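Before any comments, here is the structure.
The values are calculated or read from the model by the stated rules, or taken from the named source; none is laboratory data. Here the structure is a predicted model, which means the values were calculated and not measured. Methodologically, a virtual Cβ is constructed for each residue, glycine included, from the backbone with ideal geometry; neighbour enumeration extends over all protein chains shown.
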Amino acid sequence: MSLAKPLLPQGAALAAPATRAKVMSTLFAALCLTLLPWADGLRWLLPDLTLMVLLYWCIHAPRLAGLGIAFALGLLTDVTHGLLLGLDALAYCGAAFVALMVQKRLEGFDVPRQTLQLAPLLLGKEALVLTLGLAFGRGEADWRYLAAGLLAALLWLPLAMLLDRVAGRPVPESEHS
Amino acid sequence: MPHTPQAPLFVREMGLPTRFALYLLFCLLLLALDARYSTLAWLRGGLNTLLHPIQRVLAAPWEWSQDVAGFFITHGELKRDNDRLREERDRMRIAQQDRQTLLSENNNLRQLLALPARPDAAPRVVEIVQTVPSPFSRKVIINRGQAHGLEAGSPVVDAVGLVGQVTRSYPLTAEVTLLTDRDQGAPVQILRNGLRLIVSGTGSDRLLEVRFLDMHADIKEGDLLYTSGIDGTYPAGIPVAQVVKTEPPRNTPFARAYCRPLGGVGRYRHVAVLQPALKSAPDKP
């Protein structure tokens, strides 16, 4: 992927263009948050923050966050999970692919509407990991982990707004009215 | 091509579906390699070493807060603990004397019968630093690894009984699969009559099961199960579980027995790693 100078940036991209540093630092922060020593009883409720931040950048800076970064993050997550190498990488790539496919549409929506569009994606990722784990014979799946997908969908609104602030994106006009 | 930021003027890359297909293929290849052939230990070890310092740094504030909280214990509590520990030490000493005489007696008997000596297992105390956040497995991470001479296959015990087995050894940490993992099994013997069985995990922290039990097997509620030591992994004589319920065969020709693990499989912070039992070669005639 080449990093030529922006041809004709417009709107939000002009006011505060997403830089590689911003993307990487927020992704790293999200990964660190998931690596915190969370209580065992709450693991199944922990939303996949890494994936959410990745999707945010897939929507807002598809040239900087794509399948390659999704794959690398997935591999790192796999190692922390100690399950099968490639399981989360596959799920992350799939989610990023779907998000990039409909990127134009998602970019146009405001955050609450994005939530509705992304909820099946976030939930589907958890379901995919559980199903693939079952398919590769890793014993019984703990289906409570699906709740993490739902919680992730609920958290999309605050997270997207927080990332908007971090990235310095101007608040769209529609939110003022 | 719309004017997106950092967009190249001329598109000279593969389309999105093609790239996705390639990544998908690569992921599936990794999955298959890892699931069937377990040849990716080096990749896993390398990435783990990369993440380990980050995890340590992130866990540090939590550990400090625990230390600070632990500092403010009342004097009475300390005294009570001290008394209890002293009492326990005295009891242990008496038990230890008994053990010494039994050990020497056992050695003598083994010599008389011309049996090989029992392997001596020097335990190494390690700390559980993390549980593996996965919906499938019962695994924990301990704070010792290859650098400290830990290898995969070493049994892990606590003060009461068997806890599990080291399944992956990274440079600085190691992964212990608990006895209650669905894929774990341990060869055991009933203390009462010496019947050999294999006890396996169910995925629940409080339940183990003996799956393919002979219909007429002599196993009762309350029987204690000890490792038999015939698999070359677990040394003989570690307490494993107590039988809670036996179930007569219903749709299958086999009976089932449910047991409760004796060791604190999901509970303690410190456990001990033993040397793996050596496979005793059959004696030459």
The residue that is nearest to residue A:66 (Cα to Cα), considering only those in the range B:23-52 that are of a type in the set (S, T, N, Q) and more than 7 Å from chain A (Cβ to nearest Cβ), is B:49
Of the residues in the range B:26-75, those that are hydroxyl-bearing (Ser, Thr, Tyr) and within 23 Å of residue B:174 (Cα to Cα) number 4
All-but-one check, residue B:203 against (1) without any contact (Cβ under 8 Å) to a residue 60 or more places away in the chain; (2) in the same structural domain as residue B:252 (by TED's automatic domain parsing); (3) not basic (Lys, Arg), failing number (1)
* Residue check for residue B:19: more than 9 Å from every other protein chain (Cβ to nearest Cβ), at pLDDT 85 or above and assigned to a helix (DSSP H, G or I) -> no
Out of (1) outside any loop (DSSP other than H, G, I, E, B); (2) surrounded by 15 or more Cβ atoms within 10 Å (Cβ to Cβ), the one residue B:181 does not meet is (1)
Note on the range B:185-215: residues out of contact with any Lys or Arg (no Cβ under 8 Å at 6 or more places or on another chain) and within 14 Å of chain A (Cβ to nearest Cβ) are B:185, B:204
Taking the range B:114-146 and the residues there that are in contact with a Ser or Thr (Cβ under 7 Å, 6 or more places away or on another chain) and of a type in the set (D, E, K, R), the one that is modelled with the lowest pLDDT would be B:138
Selection from the range B:232-263 of residues surrounded by 14 or more Cβ atoms within 10 Å (Cβ to Cβ) and closer than 12 Å to residue B:155 by Cβ yields B:233, B:234, B:235, B:236, B:238, B:240, B:263
Within the range A:48-96, the count of residues that are more than 28 Å from residue B:176 (Cβ to Cβ), in a loop (DSSP other than H, G, I, E, B) and without any contact (Cβ under 8 Å) to a residue 60 or more places away in the chain comes to 4
